[in-house]
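See structure below.
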Amino acid sequence: MIPRDLKYTSNHEWVHIKGRTACIGITEFALDGLGKVLNLDLPNKEDELLVGVALGDVETTDALHEITSPVEGFVAEVNDTLLNNPDILKKDPYKRGWLLKVKLSTPERVDSLLSADAYLSLTQKKSKK
């Protein structure tokens, strides 16, 4: 189930916008295609993120997967719980499995992210391949 109140990227990150803060995570669709999550590498608080640039990695039993930043800004909070228990990422990707909270430097850029319907269409096309 794809939450309708989130924005999405074609790289399978989700974004929840509240004011000038974005909460970022990885979609269930992407996580279903990965093996067991072994480790996460995330940025530190106050690190700067740029759109389209790697913000970290997810290490699974299959490979190392890059996470790309869907927004521009500075890391306000890191979900440290995931660093000690990365299984939460797959068990609850949209609630407890969030990765970062970011203070947006260009909030208007989130308008270019995908709606839930557009993301659902994208995943259905990929599932058929």
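The values are calculated or read from the model by the stated rules, or taken from the named source; none is laboratory data. In this text the structure is predicted, and so the values were computed from the model without any measurement. Because the Cβ atoms are built from the backbone with ideal geometry, glycine has one as well, and the counts that use them run over all protein chains shown. Heavy atoms of the whole protein, side chains included, go into the accessibility calculation; ligands, DNA and RNA do not. Shrake-Rupley method; radii C 1.70, N 1.55, O 1.52, S 1.80 Å.
Were the residues from Asn44 through Arg4 laid out at 0.36 nm apart, the gain over their Cα-Cα distance would be 11.5 nm. Between the residues Leu50, Leu34, Ala116, the greatest Cα displacement towards the positive end of the dipole of the chain, with unit charges on the Cβ of Lys, Arg, Asp and Glu, is found for Ala116.
Each Cα pair under 8 Å and six or more residues apart adds its sequence gap; the mean of these over the residue count of the chain is a relative contact order of 31 percent.
Ratio of the chain's C-alpha Rg to 2.2 N^0.38 Å, to two decimals? Please report the intermediate quantities before stating the final value.
Details: Rg = 13.7 Å, N = 129, 2.2 N^0.38 = 13.9 Å.
Relative to the 2.2 N^0.38 Å estimate, the chain comes out at 0.98.
Only four residue types carry charge here, +1 at the Cβ of Lys and Arg and -1 at the Cβ of Asp and Glu. Report the dipole size of the stretch 37-95 about the Cα centre in Debye, rounded to the nearest 20. Could the numbers behind the result be given before it?
Details: 4 positive and 13 negative charges, 55 e Å.
Charge dipole, the stretch 37-95, about its Cα centre: 260 debye, nearest 20.
Give me the base-10 log of I(q)/I(0) for the stretch 63-129 at each q in 0.19, 0.28 Å⁻¹, Debye formula, one uniform scatterer per Cα, rounded to two decimals. Those come out to -1.04, -1.18, one per q. Per atom type, the chain shows carbon and sulfur on 48% of its accessible surface, probed at 1.4 Å. Normalised per residue, the accessible area of the stretch 13-129 is 54 Å², obtained with a 1.4 Å probe and no contribution from ligands, DNA or RNA.
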